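For reference, the structure discussed in these notes is given below.
Nothing in this text is a laboratory measurement; each read-out follows from the coordinates by a stated rule. Please read these numbers as outputs of a predicted model, since none were measured by experiment. When we count neighbours, we look across all protein chains shown, and the Cβ atoms used for this are built from the backbone with ideal geometry, even at glycine.
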Amino acid sequence: MARYRLQVSEETRRIVEERDKGCVVCGFSAYLELHHIDPYQPQDRVNDPSNLCMLCRDCHECMTYLQRRHPSIYYRVVVPYLRRRIGVEAA
């Protein structure tokens, strides 16, 4: 699979930052990065705030590792957890 960056508008990033107020996993508020919960959403929904969350650098690295190396665990356990943390029902 080719690696690429999904571009998110500054407005969408601000919306997600205000909603999450830090890493949604550990609560850390520095070194935050935007994480696509499900990068395989249809093109019109991939950058929707309901598919994005803020993670600190360490949690983002961990989530990306799970997503790529253990997708069955990521999609069965982690995606529902992240959606609950941001207050979004499963898509």
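Odds and ends about this structure:
- For Cα extents along the principal axes in Å, calculated from these coordinates, the label among (i) 43, 29, 23; (ii) 30, 28, 26; (iii) 31, 23, 22: (ii)
- Counting only Cβ charges, +1 for Lys and Arg and -1 for Asp and Glu, the dipole size of the chain around its Cα centre is about 320 debye.
- Ranked for footprinting exposure by Cβ neighbours inside 10 Å, fewest first, V16, V8, V25 give V8, V25, V16.
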